[in-house]
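The values are calculated or read from the model by the stated rules, or taken from the named source; none is laboratory data. Here the structure is a predicted model, which means the values were calculated and not measured. To get the accessible areas, we keep the full protein, side chains included, count just its heavy atoms, and leave off ligands, DNA and RNA. Shrake-Rupley method; radii C 1.70, N 1.55, O 1.52, S 1.80 Å.
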Amino acid sequence: MPDTLSELPETILAFDFGLRRIGVAVGQDVTGSASPLGVVPNGEHGVDHAAIGKLIDEWHPSTLVVGIPLHADGSPGEMTAAVEAFVEDLTAHGLPIETTDERYSSIEAEQALRNARQQGSRGRISREDIDAAAAVFIAERYLAGRTVANLFFEASTRTRASFDLAGRRLGADVLNLDVNTSSRKKGESILDTI
């Protein structure tokens, strides 16, 4: 059993903002995976914050993650201002909010769904399916970007401390691997240690 709350598995809700719909996915950090939850309407009356509130009540996320649309060169996209306003609205839920690069998430989502259809594992693909699948990509990118692995070939507390500090500043989990105490001493690969 974990000793502290920080050791408990983390659940996140991820959002792929759109002017008509917002794709939503739930993810967790134990496996770094996510699942689509569907979409929240965003129409002429604005975002359905009651629906978002229900999802928060159901899944109890520790963090909300919103994809930020960027151009290929990293500059803000046309929708960035609208997404930032959505992020500001989400602060009303009282949860930490993180943003992550969502470049190409909708394209990747559509391609993944088409591949699944070609293999016969799913039927017709709707825009709602694509938006929810894009939120899955956003969640998994966020979760994947939270671990920093350090491989130390020599004992250097200064280097280790520097990596630990950098990881904390990035908000990442730090995994320190020391070759001298790894499986490599037993003739196995360093991946066996991980």
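Here are a few things to note about the model shown:
- Gain upon complete extension [Tyr104, Gln119; 0.36 nm per residue less C-alpha separation]: 3.1 nm
- Shown are Asp57, Asp129, Asp16, whose ranking by accessible area with a 1.4 Å probe and every protein chain present, most to least, is Asp57, Asp129, Asp16.
- Probe 1.4 Å, accessible area per residue of segment 1-149, Å²: 56 Å²
- When both bridge partners sit in segment 27-135, DSSP labels roughly 50% of those beta bridges antiparallel.
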